[in-house]
Structures are given as C-alpha cells and as structure tokens.
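First up is the structure itself, then whatever we jot down about it.
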Amino acid sequence: MAFKDTLLEGLNFNLSEEHLAVKEAARDFAQNELLPGILERDNEQKFDPKLLKRMGELGFMGMMVSPEYGGGGMDTVSYVLAMEELSKVDASASVIVSVNNSLVCYGLEAYGTEEQKQKYLTRLASGEIVGAFCLSEPEAGSDATSQHTTAEDKGDYYLVNGTKNWITNGGISSVCLVIAQTHPELKHKGINCLIVEKGWNGFAVGKKEDKMGIRASDTHSLMFSDVKVPKENRIGADGFGFKFAMSTLNGGRIGIAAQALGIAAGAFELSLKYSQERKAFGKPIFEHQAIQFKLAEMATKIEAARLLVYKAARLKDEGKDYVEAAAMAKLFASDVAMWATTEAVQIHGGYGYVKEYHVERMMRDAKITQIYEGTSEIQKLVIARELIR
C-alpha cells in the first residue's frame, strides 16, 4: 500500500498578512490580558467573565463562522494560529474558544437549519452567549455509540433524561448540544443531537470538577430530568446525531492539536528565556550542552507538530479529507506537549516546580490534550482505520 503522499500536493504553509495579523492580535491579548492574573485563576479555578467578554469582542468566539451570522469568516489556519498563541499563555482560555468554535458554532453552521442559526449561532459567534458540546457520559467517554442519555420522541417534542460528564463550559453555557439516544434498537443510527437551553425545566448543573489542569476552565456534569425539547431543536434528520458528533469532533481535533502545540511552544519559550538568565557553574545554563540538547529537541518536535497542525487545517480549508491528518496532528502534538512541558520543568530545576514560573501549570494543562476530544488511543484507531480504508 502506498503512503498517501497526494495529501501533500498543493499545500502551502506560507502565512498571509491576514494570518499574521490574527496571530499578532491573539499574542497581544494573551500576553497583555490573559497573563496578568493567570496564577490566581488557576488557584481559584475561575475564569474572569471580563476576559470572556473580551474574547467575544476580539472575535475569538466565532472565528470561522460566516459574517452573515456574526462571525469572522476566517479560515481554519487563522483559527489554529489564534489557538496556539492563546494556549502559550492560558490553556483554560483556549479550550473555551475551542469548544465554542470547533464543536458548537461549526456544528450549527454546517448542519443546523436557518432558524437555528438565526436564533443561536449569531449570538454564539459574537460571544454574547457561550455553548457546550455534551457527548461524554459516566459510561460513555471514548465509546460514543453507547449513549445512555435518552431523547424519547413525544410527537412534537423530545423528553430528555440522562447525565453528561466532563462538559467544558458546562456552568457558563447558555446553549448545549446534547447527544442522546432516541431509537435504542438502531444503536448508533438512532442517536440525535438536540439544542437544549440553560434554564429549561429539568435541566440541572452539577458541581464544578476539581481538575489537575486547565483549572480555570468551567467543567461540570449536566443532568437532564424530563427536559422537554421542541422538535425544531433537533439538528439534522432523525438518527443523524452520531454522524454529527463524529463530524464535529474531527474538526475539534484540529483545535485541540493547536492547543497542545501552543502549550508546548509556550513552555519552550519560557525555557529558552530562563536558560539565558539562569547561571550555573559560572555561566548561563544555555551554554551547557545538556540544556542545549534539550532545547534543540524541544524546538524540533514542536516544529514538527506545528507542520502537522497546519497541514490538517489547510486540508480542511481546501475541502479535502482531513480525518487522518487531524488525528495525526492531535496524537503527535499532545504527546509533544506532555513531553516538552516535562522537559521545561526539568530545565527550570527547582524553580520549575513552583507556580510562579508557570511551567508546572503548563505540564498539568498538557495532560488533558491526550485525553479529551478523543484519547490518544482513539486517535491511533482513527489513523489505522484510515490507512486501510
């Protein structure tokens, strides 16, 4: 079997002036507005609502949404550039942006009705409200086909019952895309995706999860008890929910790959700077070959991850099959993030183990990129499936 080298044809990694402007805007916001107070947000496990509002004002919450629906109309490359810069400083902020863009806004624009777009997408894209994507359950994380949340067809509405776990934006979201089983006998072909609004009777938000990393990110369990959801809030035809979830997750993996890339790159930048300032044995530690080799390997792996992320984004923008590329990007970038942040702590020595130097937080943040929106093991399954397809 020949390697699919055709995927490399016509790919151009040169960034336009528009791309560079987006990258610079995201970097300025991250360095000047996200960085101050980041230690407090991590300790207190709270994201500042003012920063959330600013991300909406700057256009980060609906970057790829058509201007017709209040979005920026940008391409995927612009999105991953912004995700990388935000993640260099604050992965809790970037995951809010990722979920709202990749999973919620994308899914609504690609598969929603015009009425759904006018009612929900315009407000989500502007950052007026925040969305959540509700797939994982206590017994259905990687196995998305095993949905215990039910959406019973009652004629002109669905009656939703069940629990969703580990929901990013769960406490701050106004709109949730809920994946639920309507026809158990049809298995994954009987699953639907429903738009559920916060505040409807029977919709309850569980306690905030006390997480190892991305601690300022809002993560909750959501409970549904006889929640009435109008039929017009179903996305796509009856039974389309599983395909909807898989399609949106494919794009979501590009966003998380960019997040992982940003975490790794942020840790590298801090390590390079520290190595030039910290002295040991009478000279900056950068002049010691052991540190040089660590930084050289970090830079090389990060650049490789960056090319994989850019490739996946380009393929998506060009309307080509990007499933394998997105899975490869997420698998590799998340592994690089975990490895590079660990090396960053090592380079910083004892200082790396304390919070004020940031790299210990980055190491904690990096781990989740190997888990959510498809674990690394799931990415390997996706890649293997694509190889023999």
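The values are calculated or read from the model by the stated rules, or taken from the named source; none is laboratory data. If you're wondering where the values come from, they're calculated on a predicted model, not measured in any experiment. Don't worry about glycine lacking a Cβ; one is built from the backbone with ideal geometry, like all the others, and counts go over all protein chains shown. SASA here: full protein model, heavy atoms, side chains in, ligands and nucleic acids out. Shrake-Rupley method; radii C 1.70, N 1.55, O 1.52, S 1.80 Å.
The table below gives the values:
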| quantity | calculated |
| --- | --- |
| Cα-based Lys pair tally, the range 115-262, threshold under 19 Å, eight or more apart or on separate chains | 23 |
| Cα gyration tensor, the range 134-211 - rounded (a/c under 1.5), prolate or oblate | oblate |
| Virtual spin-label span in nm between A290 and S146, 7 Å along Cα→Cβ | 4.6 |
| Percent carbon-and-sulfur accessible area, the range 91-179, ignoring ligands, DNA and RNA, probe 1.4 Å | 46 |
| Additional length obtainable on full extension of the chain from D28 to D321, 0.36 nm per residue less Cα span | 102.2 nm |
| Pair E197, K273: separation of 7 Å Cα→Cβ label points (nm) | 4.5 |
| Residue-averaged [θ]222 nm for the chain, counting only DSSP H segments that reach four residues, each worth -39500 (n - 2.57) | -14500 deg cm²/dmol |
| Rounded to the nearest 20 debye, dipole of the range 73-135 from Cβ charges on Lys, Arg, Asp, Glu | 140 |
| Count, lysine Cα pairs under 21 Å in the range 315-389, 8 or more residues apart or across chains | 8 |
| Fully extended contour minus Cα-Cα distance, from R54 to Y351, at 0.36 nm per residue | 103.7 nm |
| Accessible area per residue, Å², the range 91-192 with all protein chains present, probe 1.4 Å | 35 |
| Cα-based Kirkwood hydrodynamic radius, the range 202-324, one decimal, Å | 19.0 |
| Portion, in percent, of the accessible area of the range 228-320 that falls on carbon or sulfur, probe 1.4 Å | 57 |
| Surface/4 of the Cα convex hull for the chain, nm² | 19.7 |
